[in-house]
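Worksheet: one structure, shown below.
The values are calculated or read from the model by the stated rules, or taken from the named source; none is laboratory data. Note that this is a predicted model, so its numbers are computed, not measured. Glycine gets a Cβ as well: all are built from the backbone with ideal geometry, and neighbour counts include every protein chain shown. Note: areas computed on protein heavy atoms with side chains; ligands, DNA, RNA excluded. Shrake-Rupley method; radii C 1.70, N 1.55, O 1.52, S 1.80 Å.
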Amino acid sequence: MRLFLIGAIFVVAAGTLVSLGVLSKGIPVLKVSDLFAAETSPEPDQTIRVDNGKIVSIEAMTPSLRFHYANDKDPSKVILVESSRNAPENFRVGIGASIKGTYDADGKVFKASQ
């Protein structure tokens, strides 16, 4: 009986987490090219994640991290990324990365939080 009760609580908790994730729609995942398209441009201060890109150059590691990020298939679309966080150990030009934060379309700067 105890095992059944624990299992039921686990199922209800998992169902609640999944339904909350679906209802809140989570964080939008975009591609670098989406940031340049007017129809898919994110709202100001909206947290987004950008995938399918790689680090093409590093401007500064300290006091704040500044680097350029571009799509592998279209390297002409480059965005400047700024972050107050420290760079990870494997951070270098040429590696693929996923960035999370907000995009300032007017200043063409992505403020990364992760």
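A few points about this structure:
- Looking only at segment 32-80, and only at residues there that are among the basic types (K, R) and either within 15 Å of the chain's Cα centre (by Cα) or open to solvent by less than 50 Å² (accessible area, probe 1.4 Å) (or both), the one that is modelled with the highest pLDDT: K54
- Boolean, T62 is β-branched (V, I, T) and touching a residue at least 60 places away in the same chain (Cβ under 8 Å): no
- Scanning segment 77-91 for residues that are without any contact (Cβ under 8 Å) to a residue 40 or more places away in the chain, of a type outside the set (A, V, I, L, M) and touching a strand residue (DSSP E or B) at 6+ places or on another chain (Cβ under 8 Å), we see that the one that is nearest to G107 (Cα to Cα) is E82.
- S83 vs. criteria open to solvent by less than 50 Å² (accessible area, probe 1.4 Å) and over 21 Å from K31 (Cβ atoms): no
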